[in-house]
Every structure is written in C-alpha cells, then in structure tokens.
1. Taking K and R as +1 and D and E as -1, what net charge do the other residues with C-beta under 14 Å from the C-beta of Val102 add up to?
2. For the chain, set up a GNM with springs between Cα atoms under 10 Å and report which of Leu40, Leu144, Leu163 has the largest fluctuation.
3. Add +1 for every Lys or Arg and -1 for every Asp or Glu among the other residues with Cβ under 11 Å from the Cβ of Ala121, and state the total.
4. Ranked highest first by average number of other Cβ atoms within 10 Å, how do 74-82, 111-119 line up?
5. Among Gly124, Gly104, Gly41, which one shows the biggest mean-square fluctuation in a GNM of the chain, springs joining Cα atoms closer than 10 Å?
6. For the range 50-202, with only Lys/Arg (+1) and Asp/Glu (-1) charged at the beta-carbon, what is the dipole magnitude about the Cα centre, in debye rounded to 20?
7. How much mean residue ellipticity at 222 nm does the chain get from its helices, if each DSSP H run of length 4 or more adds -39500 (n - 2.57) and you divide by all residues, to the nearest 500 deg cm²/dmol?
8. Just need the relative contact order of the range 29-178 here, percent rounded to a whole number, with Cα pairs under 8 Å and 6+ apart.
Amino acid sequence: MGSRAGFNFGVLDMAIIVLAYILCHGMTAWIVNPIEVYFLGDITMFASLVYLPHGVRVLSVWLYGWRAILPLMLAALLSEMLFTKTDVQELTSHVLWISAPVGGLAALVSFELLRFLGKSAYSGDNFSMNWRQLMLVGILASVLNSVTQTIIFAGVISPDSQLAVVLTYALGDMIGQAVTMVALMLCFRMLRKGARARGRAR
C-alpha cells in the first residue's frame, strides 16, 4: 500500500510529522483563528476556515502511506490538549479518541481511492510530486473528514449548526492545504535558486 517501497520509517520521521502538525495547528489557533473571529465572528468552535495541518496530513501520507497514521493521530491528540480551550475539551473529550485518527485516515482512503482508479498519487521512489493529484487527494480527504467529524460530534453540535460545521471543516481543510502547498512551492523555488547560485559560484 503506497509510499516508497523499502523506505525506512523511524522515530525521527514520526517526530517530524508530529512537530510539523503541532506547529501548523498552533499557527492556526494563535494566528488564523483570531483573524477569523475578528472579521467573520465565531463561526464554529469545531473547525477553522484555514486549517493548516490538513496539508501536513496529505503530505505525510503521500510520503509514508499507512505508516503516517499513528504519528498523525498522536499529533492531533497533542494539538487538542495544547491549543483547545478547556471548556471545549470538556465538551468533546468523550469522542476525542474517535476523532483524532479521522483526518489521517481520510487522507489515506483518498490516496487509496485514486490508486484503485489507476492514478496512484503516492510519492514513489523518486519523490515525484504531482501537485494537481495532491490537491485532488486533499479535496477528497477534506470532504471525508468533514462529514465524518460532524457525525462524530453530532451529540455536541446543534442540528441547526451541522451544515455550517461540515462546510467549515471542508473549506478549512482545502484552503489550509492550498496554503501549505504554496508555501512548499516557494520553499522549493528558493532551494533551487540557492543550488543554482552555488553551482555558478564553483
């Protein structure tokens, strides 16, 4: 199933996934959410319109396949403990363990669906990145994640708010991944320019 054949997956890889996820979640909680509340009001406490960790989920599963699920689940749990308000934690603690693996599993199912259709989007041995396929995977995963999370939290979400929560989850995941991918593209361009400059200097 997916990712690079024979690629070693160790503690360092797990740590990178966990730290990247927590960093992105922290940026969402401390920077993005206050801006959202200022301009749009408190749409829902369950999701953000720019959820950066979704990009980490997609890229982690792209690289490591099913092996990324455990560190993604751990990262989701730690992020909830670190950044979620106490009153929200108390309200959702009984379903948190069910909710935590859903985002990563949604990404894995989306990659596997494309593979089943003959369009594998995993990284492969050569790190080839198809940006369009990754965005498609991200969109599929965001829809799966949003619907599943809304079902999980149905007991604490009022029926009148469920559609808003589904849409916010889905849009937040999609926009968050797009922002992450753009940031990655800019980083890759800077690295390539640096490599070319060093090559000319020799």
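1. Here the charged neighbours net out to -1.
2. It is Leu40.
3. Net charge around Ala121: +2.
4. In descending order of packing, they fall as 74-82, 111-119.
5. Judging by the Gaussian network model, the answer is Gly41.
6. 1360 debye
7. So the calculated ellipticity at 222 nm is -23000 deg cm²/dmol.
8. 39 percent
No lab work stands behind these numbers, since they all come straight from the coordinates. Bear in mind that the values here come from a model prediction, so they are computed numbers and not experimental data. All Cβ positions, even for glycine, are placed from backbone atoms using ideal geometry, and neighbour counts span all protein chains on display.
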